[in-house]
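Enquirer: So that we are looking at the same thing, I have put the structure below in structure tokens.
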Amino acid sequence: QVRLVESGGGLVQPGGSLRLSCAASGIIFGAYVMAWYRQAPGKQRELVATITSAGNTNYADSVKGRFTISRDNAKYTVTLQMNSLKPEDTAVYYCNAKPVMMSPGSWGQGTQVTVSS
């Protein structure tokens, strides 16, 4: 059974940084595409970043240059370093694990990120 547990969310001022982590179990972690999504109030869930088993990354245009996704295959974790945060980054952030890129994958419970002064 796939289990994804996110941590690291919270309240931060504009321009600040947060680091989200996701601990995975129940999968062959190194073979999976890992991703972060987010959902703001009243909006659809959107893809933020992906990282393949080979370490290739892709980002939404809105976060390029500010966010960095990384993975540790030995520790079964994926992280999202978020810098220069903006109020529009406020959302619930979800970890996702996909056996292949186009799969819907499995979801964590989400962690709230609020960017506000």
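The values are calculated or read from the model by the stated rules, or taken from the named source; none is laboratory data. Please read these numbers as outputs of a predicted model, since none were measured by experiment. All Cβ positions, glycine included, derive from the backbone under ideal geometry; neighbour counts span all protein chains shown. The protein model used for the area step is the full one, side chains on, heavy atoms only, and it has no ligands, DNA or RNA in it. Shrake-Rupley method; radii C 1.70, N 1.55, O 1.52, S 1.80 Å.
Enquirer: Those residues that are open to solvent by 60 Å² or more (accessible area, probe 1.4 Å) and outside any strand (DSSP E or B), I need them from segment 2-16; list them, please.
Expert: The answer is Gln13, Pro14.
Enquirer: Also: Residue by residue through segment 93-117, note down the ones that are surrounded by fewer than 18 Cβ atoms within 10 Å (Cβ to Cβ) and either of a type in the set (D, E, K, R) or not in a loop (DSSP other than H, G, I, E, B) (or both). Talk me through it step by step, then tell me what you get.
Expert: Of segment 93-117, the ones surrounded by fewer than 18 Cβ atoms within 10 Å (Cβ to Cβ) are 98-104, 107, 109, 112, 114, 116-117.
Of everything in segment 93-117, those that are surrounded by fewer than 18 Cβ atoms within 10 Å (Cβ to Cβ) and either of a type in the set (D, E, K, R) or not in a loop (DSSP other than H, G, I, E, B) (or both) turn out to be Lys98, Trp107, Gln112, Thr114.
Enquirer: Within segment 70-88, count every residue that is free of Cβ contacts under 8 Å to residues at least 60 places away in the same chain and either farther than 20 Å from Leu11 by Cα or touching a Lys or Arg at 6+ places or on another chain (Cβ under 8 Å) (or both). Let's see the steps before the verdict.
Expert: Taking segment 70-88 first, the residues free of Cβ contacts under 8 Å to residues at least 60 places away in the same chain are 70-78, 88.
Checking which are either farther than 20 Å from Leu11 by Cα or touching a Lys or Arg at 6+ places or on another chain (Cβ under 8 Å) (or both) leaves us with 70-78.
Of the residues in segment 70-88, 9 are free of Cβ contacts under 8 Å to residues at least 60 places away in the same chain and either farther than 20 Å from Leu11 by Cα or touching a Lys or Arg at 6+ places or on another chain (Cβ under 8 Å) (or both).
Enquirer: Please go through segment 82-92 and give me each residue that is more than 18 Å from Ala23 (Cα to Cα) and open to solvent by less than 10 Å² (accessible area, probe 1.4 Å), ordered by number. Walk me through it before giving the result.
Expert: Going residue by residue through segment 82-92, those that are more than 18 Å from Ala23 (Cα to Cα) are 83-91.
Leu85, Asp89, Ala91 - these are the residues of segment 82-92 that are more than 18 Å from Ala23 (Cα to Cα) and open to solvent by less than 10 Å² (accessible area, probe 1.4 Å).
Enquirer: Would you pick out the residues in segment 14-56 that are touching a Pro at 6+ places or on another chain (Cβ under 8 Å) and at pLDDT 95 or above?
Expert: Selection gives Pro14, Val33.
Enquirer: Take Val48 and tell me if it is open to solvent by 10 Å² or more (accessible area, probe 1.4 Å) and aliphatic (A, V, I, L, M). Steps first, please.
Expert: Details: open to solvent by 10 Å² or more (accessible area, probe 1.4 Å): no; aliphatic (A, V, I, L, M): yes.
When the stated conditions are applied, Val48 does not pass them.
Enquirer: Check Gly26, Gly42 and return the single one that is without any contact (Cβ under 8 Å) to a residue 60 or more places away in the chain, loosely packed, with under 13 Cβ neighbours inside 10 Å, more than 12 Å from the chain's Cα centre (by Cα) and closer than 22 Å to Gln112 by Cβ.
Expert: Working: Gly26 fails: closer than 22 Å to Gln112 by Cβ.
It is Gly42.
Enquirer: To continue, here is another question. Among the residues of segment 60-80, which ones are farther than 20 Å from Ser7 by Cα and either more than 13 Å from the chain's Cα centre (by Cα) or open to solvent by 40 Å² or more (accessible area, probe 1.4 Å) (or both)? Spell out how you get there, then give the answer.
Expert: Taking segment 60-80 as the starting set, the residues that turn out to be farther than 20 Å from Ser7 by Cα are 60-62, 64-65.
Answer for segment 60-80, where residues must be farther than 20 Å from Ser7 by Cα and either more than 13 Å from the chain's Cα centre (by Cα) or open to solvent by 40 Å² or more (accessible area, probe 1.4 Å) (or both): Asp61, Ser62, Lys64, Gly65.
Enquirer: Here's a follow-up. Of all the residues that make up segment 45-69, how many are free of Cβ contacts under 8 Å to residues at least 24 places away in the same chain, at negative phi and in a loop (DSSP other than H, G, I, E, B)?
Expert: Total meeting the criteria: 7.
Enquirer: Of the conditions (1) farther than 14 Å from Arg38 by Cβ; (2) in contact with a strand residue (DSSP E or B) (Cβ under 7 Å, 6 or more places away or on another chain), Asn73 satisfies every one except a single condition; which number is it?
Expert: (2)
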